[in-house]
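Reading through the structure tokens given below for one structure.
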């Protein structure tokens, strides 16, 4: 169990890099599940199988986003309690967020499972691709509670500053999937269904690792009390629900893109599906920024260290820029290899090359949005994150991909998304930086007027009631 708020000490850049890299490795291994599925299924030489996983993954990304959202609540609640050295509150919040996540994910599976064919049809799947995607998704979605437990466990350990064990919880899933995929797909001849079964086992393995880290190592789960759970549900929901809405915007954008892409044929759908699997693996270090920056900001806010909060944001930008320059170059020089590995047709290959050459660096600007989202989620303004991400998913996606696809064809879909990321990344980062300045001003005014050194009195009015209860 931690005896100090370790993220309030030492180099902020080192914390950002350590938390981001370990979180990225874990996330990349989790998303590697889909990439490995895509890779092995492409070896079957059946274009519909690859397209089916693309359609199904659009829905699965929605369920994973919900799991990430609840883990954000766990990270925010636990990290702020740790920053104020309130270990008992941290343990109580940890067990209640976990219970909330299990109940919520089970309800989502119950609601979505019978509607899977209709959802896939809505986003453009048809014919054999629809049949394969339905079968794949009906198996894989059963593992959502396991993903939820694994992600919440990782969030709790990140809040404690234990980046390494948080990484293990998600990394194991990718490794298990890589081992089981060829067995179920080829050795047992199950094809697409085999890929889903292997992924289901991989998601269940996350539970074991998360349980060991949270319970056995850190002893961070308090005793479950039903009345405490009911009391805490409101506070949890104040962070989790806006974070869910924020994360739902990404699958919404993906669904918009996939639906529009389907009008350009299966080659374009396959390309977007492959690119969608490449992105989390290559740019996982940027996707991890939100989860990495969040606990650092949370602990330092709980301790009233605004100087370190500014340093954390600056360190995150420097990290994102260096990461993007390096990985975009690697992607550029690897584009021909990717075309060969995924057995891409001519039309699919053109889109992969266009992404690697002209679009990939837009993820630096998307990383600015991730930093902004982490800031608002962990400092009492989760609805700001929701508005920013939904703005990017709607105004920053739909009109732009329609306009650019008129002139550029399927390549315009990728280019339109990139322009949206640039616009909303810059807007989000500016507003988040300005918000930290406002919090510091309130904190200083509160100190001068009442002599208090607690951050609970400077929480914005829209979130004050629930957050006052958290500390």
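The table below lists the values:
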item	result
Shape of the range 109-262, Cα gyration tensor, a/c cut at 1.5	oblate
Cα principal axis extents for the chain, largest first, Å	69, 45, 35
By average C-beta atoms within 10 angstrom, highest first, the peptides 206-216, 336-346	206-216, 336-346
Virtual spin-label span in nm between residue 131 and residue 448, 7 Å along Cα→Cβ	7.3 nm
Cα gyration tensor shape of the range 131-203, rounded if a/c is under 1.5, else prolate or oblate by comparing a/b with b/c	oblate
Spin-label zone in the range 404-438 - amide nitrogen under 16 Å from a point set 7 Å from the Cα of residue 263 along the C-beta vector	404-417
Principal-axis tilt of helix 226-261 within the chain, Cα atoms, nearest 10 degrees	30 degrees
Tensor-based shape of the range 178-269 (alpha-carbon gyration tensor, a/c under 1.5 rounded, otherwise prolate or oblate)	oblate
Taking the chain and dividing mean pair separation by its residue count, relative contact order in percent (alpha carbons under 8 Å, at least six apart)	23 percent
Residue-averaged 222 nm ellipticity for the chain, from DSSP H runs of 4+ at -39500 (n - 2.57), nearest 500	-27000 deg cm²/dmol
Highest to lowest packing among 80-86, 318-324, scored as the average C-beta count within 10 Å	80-86, 318-324
Distance in nm between pseudo-label sites at residue 14 and residue 216 (7 Å out along the Cβ direction from Cα)	2.9 nm
Inter-site label distance for residue 88 and residue 223 at 7 Å from Cα along Cβ, in nm	1.3 nm
Listed peptides 413-424, 281-292, 119-130 by packing density, highest first (mean Cβ within 10 Å)	281-292, 413-424, 119-130
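Each value in this text was obtained by applying a stated rule to the coordinates, not by laboratory testing. This structure is a prediction, so every number in the text was calculated from the model and none was measured. Positions of Cβ are generated from backbone atoms using ideal geometry, with glycine treated the same way; all protein chains shown enter the neighbour counts.
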